[in-house]
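**Q** The structure's right below; bear with me while I get my questions together.
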Amino acid sequence: MTSSHSHLRDTDPAVAEAIAGEERRQENNLEMIASENHVSEAVMEAQGSVMTNKYAEGYPGERYYGGCEHMDTVENLAIERAKQLYGAEHVNVQPHSGTQANMGVYFAVLEPGDRILSLDLNHGGHLSHGHHVNFSGQLYDVEQYGVDPETGYIDYDEVADQAAEFDPDMIVSGSSAYPREFDFERLSTIADDVGAYHLADIAHVTGLVAAGVHVNPVGDADFVTGSTHKTIRAGRGGMIMTTDEHAEAVDKAIFPGGQGGPLMHNIAGKAVGFGEALEPEFAEYAERVVENAKTLADVFQDAGITPVSGGTDKHLLLLDLRDSHPDLTGEDAEDALDDVGITVNKNTVPGETRSPFVTSGVRVGTPALTTRGFDPDAMETVGELIVERLNAPDDPDVASEVQAEVDRLCAEFPVYE
Ligand SMILES: *Cc1c(COP(=O)(O)O)cnc(C)c1O
């Protein structure tokens, strides 16, 4: 796709050129950042529309402004489609992002100083789960659980012991870099036993859950939050799902509690993306995402690069480079791959010894490549290219060979035709 953007090119060539450059970057690189994806042109049309002009404070049928009939239509479509995808009793599609969705849940049922038990950031957790640089760490008293350093899996008996001792008001599950499914049911039981709420943050796996290829916490957890731009491909934003019991508290916490006017153009994008996710092709897509990630895991395993926990249940792998490449940091690996058109991010690994700016691992995800049509054969090639590059990060011949293969794959699988 080369967008015409004719008005923008006339009035603001600098921004137009940056957008065109980004289009080329996305087409010509292998995007393997696990939280990223390519939305459809239909989602982009909805997002880049007059819906951005309208104030619609309030909720469908109860707005503080006139002229909201079309706002009600798209917001109701987004809500109804999300209910169908996840089986939730109540859905709020107004959070500006996943972080705001989590904020909405905390504001709905917690008081400052209340206790949160969540997954450690170094073990795959998220800033908004109580990190000290985030409002969540500043407002609440936070303790964290981790993964077993030997197995890479969460030890739920230990979480239960920690919960009994810490007596949290809320247990948060969900992650950015944990390659395994959470046992949401078990965590809900642990939360019940200590009288805590359970918030399941499915930010990364919203698409996999919608398609039924990942366990769905709706029905077990009191609150389920997510980002809408990751595996679900519905454009940038967030969402909250809950039961009728907590519906009013959640809605009030988002508006007027934490946000003003909803981003109606993004809500239109969510409606379109959720509609796409209801089609049978989306389930095939989500299955392929996981199949591709497992294929990559096998390639790395064969090359002696251990994925944390030995593999993956979902769309991402966390590669611990310490055994196979003790001198190569996560930062080096990210740079070496970036040089040849493969975009990944450095990531801390369980038992990390280097700083978060350097790290000993990289996180690799398959959602974006799968959207552009990569199948397990193509993904195997990608895995081999990554291994080749990491094994010889200073060899210019290897670099040009890998770059040529990346170019060939990008041409074979265009993002936007
Ligand atoms: C991505 C992510 C979020 C939300 O991030 P936003 O950038 O605010 O949408 C929340 N929780 C987890 C676990 C995530 O991975």
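**Q** Which pairs have Cβ atoms under 7 Å, sit 6 or more apart or on different chains, and link a residue in the range 195-206 that is within 15 Å of the ligand (Cβ to nearest atom) to one that is basic (Lys, Arg)?
**A** Short answer, once both residue conditions are applied: Ala203/Lys230; His204/Lys230; Val205/Lys314; Thr206/Lys230.
**Q** May I ask you to say which residue of Ala160, Ala108, Ala164 is small (Gly, Ala, Ser) and more than 20 Å from Thr189 (Cβ to Cβ)?
**A** Just one listed residue meets the conditions, Ala108.
**Q** A further question follows. Here are some residues: Val218, Val224. Which one is more than 13 Å from the ligand (Cβ to nearest atom) and of a type in the set (A, V, I, L, M, F, W, C)?
**A** After ruling out the rest, the residue left standing is Val218.
**Q** I'd like the residue in the range 153-206 that is part of a loop (DSSP other than H, G, I, E, B) and among the aromatic types (Phe, Trp, Tyr) and, out of all such residues, is surrounded by the most Cβ atoms within 10 Å (Cβ to Cβ).
**A** The extreme case among them is Tyr178.
**Q** Here's a follow-up. Restricting to the range 234-279, name every residue that is within 14 Å of the ligand (Cβ to nearest atom), open to solvent by 10 Å² or more (accessible area, probe 1.4 Å) and among the basic types (Lys, Arg).
**A** Arg236
**Q** Out of all the residues in the range 266-274, is one or more touching a residue at least 60 places away in the same chain (Cβ under 8 Å), over 30 Å from Val358 (Cβ atoms) and either among the polar types (S, T, N, Q) or not in a helix (DSSP H, G or I) (or both)?
**A** Yes, the conditions are met somewhere in the range 266-274.
**Q** List the residue pairs whose Cβ atoms are under 9 Å apart, where the first residue sits in the range 245-260 and is within 18 Å of Ala221 (Cα to Cα) and touching a residue at least 40 places away in the same chain (Cβ under 8 Å), the second is of a type in the set (S, T, N, Q) and outside any helix (DSSP H, G or I), and the two are 6 or more positions apart or on different chains.
**A** What qualifies is Ala247/Asn92; Ala249/Thr242; Val250/Asn92; Val250/Thr242; Asp251/Asn92; Asp251/Gln94.
**Q** Please state which of the following conditions Ala283 fails to meet, knowing it meets all the rest: (1) more than 18 Å from the chain's Cα centre (by Cα); (2) surrounded by fewer than 21 Cβ atoms within 10 Å (Cβ to Cβ); (3) among the hydrophobic types (A, V, I, L, M, F, W, C).
**A** Of everything listed in (1) more than 18 Å from the chain's Cα centre (by Cα); (2) surrounded by fewer than 21 Cβ atoms within 10 Å (Cβ to Cβ); (3) among the hydrophobic types (A, V, I, L, M, F, W, C), Ala283 misses just condition (1).
**Q** Looking at the range 332-417, what helices (runs of 4 or more DSSP H) fall wholly within it and have at least 1 residues that are open to solvent by 10 Å² or more (accessible area, probe 1.4 Å), touching a His at 6+ places or on another chain (Cβ under 9 Å) and within 27 Å of Ala42 (Cα to Cα)?
**A** Once the helices (runs of 4 or more DSSP H) in the range 332-417 are filtered for at least 1 residues that are open to solvent by 10 Å² or more (accessible area, probe 1.4 Å), touching a His at 6+ places or on another chain (Cβ under 9 Å) and within 27 Å of Ala42 (Cα to Cα), what remains is 367-371.
**Q** Considering only residues of the range 161-211 that are hydroxyl-bearing (Ser, Thr, Tyr) and closer than 23 Å to His131 by Cβ, which is farthest from the chain's Cα centre (by Cα)?
**A** Per the stated criteria, the residue is Tyr197.
**Q** So, one more: Residue by residue through the range 89-99, note down the ones that are more than 6 Å from the ligand (Cβ to nearest atom) and surrounded by fewer than 21 Cβ atoms within 10 Å (Cβ to Cβ).
**A** Glu89, His90, His96
**Q** Every residue in the range 212-233 that is more than 17 Å from Thr312 (Cβ to Cβ), in a loop (DSSP other than H, G, I, E, B) and more than 12 Å from the chain's Cα centre (by Cα), please.
**A** Gly212, Asn216, Pro217, Gly219, Asp220, Asp222
**Q** Applying the selection to the range 19-39, what residues are within 21 Å of Phe282 (Cβ to Cβ) and in contact with a Phe, Trp or Tyr (Cβ under 8 Å, 6 or more places away or on another chain)?
**A** Hit for the range 19-39 is His38, nothing else.
**Q** Would you tally the residues in the range 100-123 being within 16 Å of the ligand (Cβ to nearest atom) and not aliphatic (A, V, I, L, M)?
**A** Adding up the residues that qualify gives 9.
**Q** Only one of these is open to solvent by 20 Å² or more (accessible area, probe 1.4 Å), in a helix (DSSP H, G or I), among the charged types (D, E, K, R) and touching a residue at least 40 places away in the same chain (Cβ under 8 Å): Glu36, Glu27. Name it.
**A** Glu27
The values are calculated or read from the model by the stated rules, or taken from the named source; none is laboratory data. Quantities reported herein were computed from a predicted structural model and do not represent experimental measurements. Note that we place each Cβ from the backbone using ideal geometry, even for glycine, and neighbour counts take in every protein chain shown. Side chains are part of the model used for accessible areas, which takes the heavy atoms of the whole protein and leaves out ligands, DNA and RNA. Shrake-Rupley method; radii C 1.70, N 1.55, O 1.52, S 1.80 Å.
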